[in-house]
Amino acid sequence: MKFLIVTHVAHTIEQQQYYGYAPYVREMNIWLKYVDELIVVAPLESTKPTAIDSFYKHKNIDFRKVSHLSFTNLKNTISSIFKLPKILLEIVLAMKQSDHIHLRCPGNMGLLACIVQLFFPSKPKTAKYAGNWDLNSKQPWSYRLQKWILSNTFLTRNMEVLVYGEWPNQSRNIKSFFTATYAEKEKEVVEKTINPDAKIKLMFVGSLVEGKNPLYAIQLLEQLRQTNKNVVLDIYGEGVLRVSLENYIEVNNLEEYIVLHGNQNKEVLKKAYQYSHFVVLPSKSEGWPKVIAEGMFWGAVPLATAVSCISAMLDQGKRGLLLEMDLEKDMAAINQLINNPMDFESKSKAAMDWSGNYTLDFFENEIQKLLQA
């Protein structure tokens, strides 16, 4: 099988290996176990891989470099419009030469691929929509357009669209899906307890950008310390807000209680999850937040906003706390949990039991079914 991936994920190359964002690449490597040849149409940058990058594990890769698209301002928009014909041609040729077409959405490349795939109705296709599939959520027009094209079974033929969460009134090609980080063999019996008089560890994992709202995690820690001096916060990730977050921490004398660790690999994060009581994600938008599922796998109780499928992941609060984005209310709810060890342990166990169902083994079985369909 000649398998095609069209994605907006920026790649780098080092020692003849193609690197990309590790969670995405690790997922694709499971698909690649069952394909003979791989074609990738994606941007390629002249930078070095970072701690959060990984490489495709396949011996037969045909990487087709395209330019990065950006419509954030007038200059970028004009430049991107001139790049479009060449990018569209690359996508058309790749789709024509492939046996299975796989789209990564949402994104600019995903939108172009959504349009081009309409002209290949007989080819088997899959699309992974990694964002929020909630049709009622506020999203850019390009995201809404991708959703409309993908779910329109008159236009889009022979495709299964993998989305996070279960949503009512969906077309027959929409398949509720998930993603995974840990294997069945990695499962451990973790009995996580909490003591208000001992150190209580919170952790935030994600890009330091407005959408992930890392400042709210810091402010939440600041509020919690007014009633419990044992609470600390570890922040993992990099982004444009790092300097402003560091300034906030310094101005408010929080250096002793908050550590910014930067980007870290899977093993470092695994240990952090194991030793943390809570994983905080006050995000404005998500698909399937892997950091929440990963934390839950190790019994870390999630504190997250009720966006996308997070309410279902937390079973409406039985497996964690749904943040209201009101510092006083959220602080009170977390304090109540800290001061009620039995409730904390119940949520921790429920979180671990639920997340333990979504292993890499289960994920791989589901991928096999998709490729054999």
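The values are calculated or read from the model by the stated rules, or taken from the named source; none is laboratory data. Remember, predicted model here, so these are calculated numbers, not experimental data. When we count neighbours, we look across all protein chains shown, and the Cβ atoms used for this are built from the backbone with ideal geometry, even at glycine.
Some points to look at:
- Among the residues making up the range 12-25, a single one is touching a residue at least 60 places away in the same chain (Cβ under 8 Å) and in contact with a strand residue (DSSP E or B) (Cβ under 6 Å, 6 or more places away or on another chain): Ala22.
- Flag for Lys128 being touching a residue at least 12 places away in the same chain (Cβ under 8 Å), charged (D, E, K, R) and buried (at least 18 other Cβ atoms within 10 Å of the Cβ): yes
- First in the range 360-371 and surrounded by 15 or more Cβ atoms within 10 Å (Cβ to Cβ), second anywhere and part of a helix (DSSP H, G or I), Cβ under 6 Å, 6 or more apart: Glu364/Ile30; Ile367/Ile30; Ile367/Trp31
- Some residue of the range 9-31 being touching a Pro at 6+ places or on another chain (Cβ under 9 Å) and closer than 19 Å to Gln97 by Cβ: no
- Scope the range 33-57; condition surrounded by fewer than 15 Cβ atoms within 10 Å (Cβ to Cβ), polar (S, T, N, Q) and either free of Cβ contacts under 8 Å to residues at least 60 places away in the same chain or not assigned by TED's automatic domain parsing to the domain that holds Lys86 (or both); matching residues: Ser46, Thr47
- Here Ile91 meets each of (1) outside any helix (DSSP H, G or I); (2) in contact (Cβ under 8 Å) with a residue 60 or more places away in the chain; (3) of a type in the set (Val, Ile, Thr) with one exception, condition (1).
To keep it simple, each residue is scored yes or no on (1) surrounded by fewer than 16 Cβ atoms within 10 Å (Cβ to Cβ); (2) in contact with a Pro (Cβ under 8 Å, 6 or more places away or on another chain); (3) modelled with pLDDT of 95 or more.
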site: Tyr182; (1), (2), (3): no, no, yes
site: Lys185; (1), (2), (3): yes, no, yes
site: Asp197; (1), (2), (3): yes, no, no
site: Leu221; (1), (2), (3): no, no, yes
site: Glu246; (1), (2), (3): yes, no, yes
site: Ser276; (1), (2), (3): no, no, yes
site: Val291; (1), (2), (3): no, no, yes
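- Residue within the range 306-321 that is in contact with a Pro (Cβ under 6 Å, 6 or more places away or on another chain), farther than 26 Å from Ile174 by Cβ, touching a residue at least 12 places away in the same chain (Cβ under 8 Å) and in a helix (DSSP H, G or I) present: no
- Elements of type helices (runs of 4 or more DSSP H) contained in the range 213-305, each with 3 or more residues being free of Cβ contacts under 8 Å to residues at least 60 places away in the same chain and not small (Gly, Ala, Ser): 214-224, 242-251, 266-275
- Whichever residue in the range 4-30 is more than 14 Å from the chain's Cα centre (by Cα) and in a helix (DSSP H, G or I) and, among such residues, is surrounded by the most Cβ atoms within 10 Å (Cβ to Cβ): Ile30
- All positions within the range 62-111 that are within 25 Å of the chain's Cα centre (by Cα), of a type in the set (Val, Ile, Thr) and either surrounded by fewer than 16 Cβ atoms within 10 Å (Cβ to Cβ) or not assigned by TED's automatic domain parsing to the domain that holds Arg144 (or both): Thr72
- Test result for Ser122, polar (S, T, N, Q) and more than 23 Å from Met28 (Cβ to Cβ): yes
- Hey, Phe177 within 24 Å of Ser283 (Cβ to Cβ) and aromatic (Phe, Trp, Tyr) or not: yes
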